[in-house]
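Note sheet for the following structure.
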């Protein structure tokens, strides 16, 4: 089986987002919705328009919307040539059952699935024939579809194993999802545990006397959860959706998932969260207001500030989990009770909803963006802590806890429901770094880096500096690693790591500012030269160096990636040369690289082409600190070349980069040194005039113009006549401009402000 085209029935929030993701992956889509009155396509057109306007963006490249064909549910025949049809309509059994009856009558041979949040598959299949049942399963995506990694697959006892395997491979390889196989139980895995945890947080908040602001301060990153924590997550999901899912869970499980009465009142008032502008939180101008459930009013947000929280917030998660329950008074009591109640529920329900505890952990990590799943968290605090805590709360010791021999995970194995320990299932096409380290595959190691053996003659350089920043330690480690790979005859090198937050935040600005304050200008000049030399060494390497960037890839991180032999990027790539935001120009080869790329691209069209368009393009990207919002956009912008690869699945990125090294290695020849024609004073005059216009229109500050002139000077090769220049010629100008800007008071102020606040300063 192979999925070449998909059908999506339902163009609402989830249906439209699934269609947008598939189209972003290059898969043709037919999207249907009920017909409108005047314009039959009115509803489905609006659905597509919502996705094109959505923030965060549903499409990785809006031009991919052309892959979506629109229609109505009166035109089900449009689905006949689809290989997979997913239902994403109202969350009630009856209309879903009616649609499946129509699809069965259509005679389609496609795989059919439902994106229900929790209605059992056996309910949806009532009345369907044997052939349809074999091709049917649940495919539960999580919102926002593009950004949350989890795809729950819910087969029935009648689902053809080949159908399940096809959907698993398509979900992982094409859509980039982490798939988890769930049992056909109400809520499946993530929602069953996640919604339970949310209702418990609400109830404990009221019983312990906390506010919404306080709960979100405790249940976010402090406990290894996303910044949206509890109530912000609810606003994103929608209070109406929460009610629907919790009501359905209460009905199907016989358990109490009810939200408090005040949540119902918010819904009745139309305060449904982000989509209505108010829910648990409300934005008024630039200010955030929080709902006070005791008074029924919105009040200015009051962030929780405790010295005790400040002291533990940067600790490793395993330590934070232990320390958060020790916070003073009601805060520690709330955190401890919530952790224990959620842990007890996970232990009691795991076997009902999942085939193993690994699936439970992955579902919460991928679907709710937890740092660690519940069983890993339980191991972190220790099983004795659980037993003692359960006894204090009057909770029985779950059978699964009784079976555990010291921990749920040990030596690459997990505790099965049978009481035995089993090897953690291998992930096809995935390379994890921690098992490599445990297996002694570390070739070199320093405080800020490691060189690991990926097998088959491919090594990986891991930047261990905070936020993937590049300083003396990591740069020196990269040079040592390049030497090692060359000396030992390895096929090539991957530059990558597994920190989920960012590939690289760029150069270490704190160290740069410290050197400025100490007046260490000779050291700064040497460091800048060293940075540039590193970029050139990557470009001239005798073996392929493949950068594997993902997420934030800024400044120096982007510069090193641009100079690699090739890039294998994750689809979620936010790459940019953002140095102008701190009053600098890209000084590690980035200014040079964009100039050469864009002018060489134009020069290929012949000697009469106007190279200034390439200079202008580079100037605009650098001055505006333009950053891609996806790898597809990075390719359109010129950060990625047509030959560079894109991995939809973050988990497969390192393995994909390794394969690219092996593909390139047999016939690899490094790029020869390049020359271009620098346009000199005439082009420089044009750019300076544009800057003057921006200043006159009050769209640029005086220092913006200073920075802009420095960038323009480099891109034009100085203020002399047009001439042929080498890469080193431009690098010398780049380094000179970088250091001059660094010597200005206003640039130093910008750097200090950004380091302190994380935001740019316009001075």
Summing -39500 (n - 2.57) over every DSSP H run of at least 4 in the chain, dividing by its residue total and rounding to the nearest 500, the 222 nm mean residue ellipticity is -14000 deg cm²/dmol
So how far, in whole Å, is the C-alpha centre of the stretch 426-467 from the one of the stretch 649-686?
-> 24
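Kindly state, to the nearest 0.05, the FRET efficiency for residue 283 paired with residue 392, given R0 = 41 Å and r defined as their beta-carbon distance.
Numbers: r = 40 Å, r/R0 = 0.98.
Approximately 0.50, to the nearest 0.05.
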With Rg and Dmax of the Cα atoms in Å defined as stated, name the option among (i) 50.5, 156; (ii) 28.0, 84; (iii) 35.2, 118 computed from the structure displayed.
-> (ii)
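Using the per-residue mean of other Cβ atoms lying within 10 Å as a proxy for protection, in what order, highest first, do the peptides 415-426, 35-46 fall? Don't jump to the answer; show the numbers that get you there.
Details: 415-426: 13.5, 35-46: 15.1.
Order by mean packing, descending: 35-46, 415-426.
Using Cα-Cα distances under 8 Å and only pairs 6 or more residues apart, what relative contact order does the chain have, in percent?
Numbers: 1403 pairs, mean separation 62.8, N = 763.
Relative contact order comes out at 8 percent.
Using only Cα atoms, figure out Rg for the stretch 428-575 and give it as a multiple of 2.2 N^0.38 Å.
On the way: Rg = 15.1 Å, N = 148, 2.2 N^0.38 = 14.7 Å.
In units of the 2.2 N^0.38 Å rule of thumb, it is 1.03.
If you take the beta carbon distance between residue 674 and residue 694 as r and set R0 to 45 Å, what does 1/(1 + (r/R0)^6) give as a FRET efficiency, to the nearest 0.05?
On the way: r = 31 Å, r/R0 = 0.70.
After rounding to 0.05, the efficiency reads 0.90.
Apply the a/c threshold of 1.5 to the C-alpha gyration tensor of the stretch 212-362 and tell me whether it is rounded, prolate or oblate. If you can, show how the numbers build up before the last one.
Numbers: a/c = 1.96, a/b = 1.07, b/c = 1.83.
Cα axes put the stretch 212-362 in the oblate bin.
How much of the DSSP beta bridge set in the chain is antiparallel, as a percent to the nearest 5?
Numbers: 37 of 80 bridges.
Counting DSSP beta bridges with both partners in the chain, the antiparallel share is about 45 percent.
Test of understanding: what is the full-extension gain from residue 303 to residue 763, defined as 0.36 nm times their sequence separation minus their Cα-Cα distance? Show your work: numbers first, answer last.
Working: separation 460, 0.36 × 460 = 165.60 nm, distance 2.89 nm.
Extra length available between residue 303 and residue 763 comes to 162.7 nm.
What order, most packed first, do the peptides 226-235, 75-84, 509-518 have when packing is the mean number of other Cβ atoms within 10 Å of each residue?
Working: 226-235: 20.2, 75-84: 17.7, 509-518: 15.5.
My ranking of the peptides, most packed first, is 226-235, 75-84, 509-518.
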How far is helix 329-353 tilted, in degrees, relative to the longest principal axis of the Cα atoms in the chain, given as a value from 0 to 90 rounded to the nearest 10?
-> 70
Which whole-number percent gives the relative contact order of the stretch 428-575, counting Cα pairs below 8 Å spaced six or more residues apart?
-> 20
How many angstrom separate the Cα center of the stretch 335-405 from the Cα center of the stretch 545-617?
-> 47
At R0 = 35 Å, FRET efficiency that the Cβ-Cβ distance of residue 518 and residue 330 yields, to 0.05 | 0.15
Post the alpha-carbon centroid distance, the stretch 87-158 to the stretch 198-260, in whole angstrom.
-> 27
Longest principal axis of the chain (C-alpha) makes with the long axis of helix 357-367 (C-alpha) an angle, in degrees to the nearest 10, of 60
Taking the highest mean first, how do the peptides 672-678, 118-124 order by number of other beta carbon atoms within 10 angstrom per residue?
-> 118-124, 672-678
Nearest-ten-degree value, helix 383-393 long axis tilted from longest Cα axis of the chain | 50
Gyration tensor verdict on the stretch 314-450 (Cα atoms; rounded if a/c is under 1.5, prolate if a/b is larger than b/c, oblate otherwise) | oblate
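Quick check: from the Cα gyration tensor, does the stretch 6-181 come out rounded (a/c under 1.5), prolate or oblate?
Working: a/c = 1.68, a/b = 1.19, b/c = 1.41.
Taking the square roots of the gyration eigenvalues as a ≥ b ≥ c, the stretch 6-181 is oblate.
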With the stretch 331-406 reduced to its Cα atoms and the Debye formula applied, log10 I(q)/I(0) at q = 0.17, 0.22, 0.25, 0.27 1/Å amounts to -0.63, -1.06, -1.31, -1.45
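None of the figures in this text is laboratory data; all of them are computed from the coordinates on show. Just so we're clear, the structure is a prediction, and the values are computed from it rather than from any experiment. Quick reminder, even Gly has a Cβ in these numbers, built from the backbone with ideal geometry, and neighbours come from all protein chains shown.
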